[in-house]
Amino acid sequence: MRERTAVRDRRRAQEFESFVAGAAGRLLHAATLLTAEPLEPAGCNPRAQRLLLAALSHTYAHWDQRHGEDPYDRTRQELVSRFAAAAWRYHRAAALHTVRRTRRSGRPEHRGGVLERLTPLERLILVLRLYEGVEEEQTAALLGLRLERVHSICMRAVATMSSAPPAVSPTPLTEVATR
């Protein structure tokens, strides 16, 4: 009995390791886009790595229950769910932090992520629709939104990304002199 359990556990671990080897890069890139961290070499996007680790942990915990499901889809759904929950939970705290930074320095601090100009919901929909290729109907069902709302948010996000980024004013000389 123990031998069968050990063999099953080894097979499960090997299947999961091969899944992670094939899908982790793309999933990390999606998580990096969602968190709006800069697209830099591995190790420079801790929020995305934590998000991906949590999603992969959930997938591994439910690996035996997948019954023919695509593990990539399941992990992507978990990644999206965790990002959405965190974004809604910390959205207000992050907005207050940005206001404090702006008051202190006179301008917001930019992190440099590709999608940093978008709201978390816009990033989520844009990544699902354009990066992951998920259909509008599936995106709407996954997020619990109406189809028209998903379409309009996606169009607004694309328009925002297509427009020129806001000009960052140079640091005034008086501010440089006081540093």
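The values are calculated or read from the model by the stated rules, or taken from the named source; none is laboratory data. None of the values given here were measured: they were computed from a predicted structure. Backbone-built Cβ (ideal geometry, glycine too); neighbour counts: all protein chains shown. SASA here: full protein model, heavy atoms, side chains in, ligands and nucleic acids out. Shrake-Rupley method; radii C 1.70, N 1.55, O 1.52, S 1.80 Å.
Before moving on, here are some points about what is shown:
- Cut-off 15 Å between beta-carbons: net charge of the residues surrounding W63, Lys and Arg +1, Asp and Glu -1: -2
- Computed 3J(HN,Hα) for the stretch 72-80, one whole-Hz value per residue from the Karplus formula 6.51 cos²θ - 1.76 cosθ + 1.60 where θ = phi - 60°, is 5, 4, 5, 5, 4, 4, 5, 4, 5, glycine and proline marked x.
- Surface analysis of the stretch 1-58 yields an accessible area of 62 Å² per residue, using protein heavy atoms and a 1.4 Å probe.
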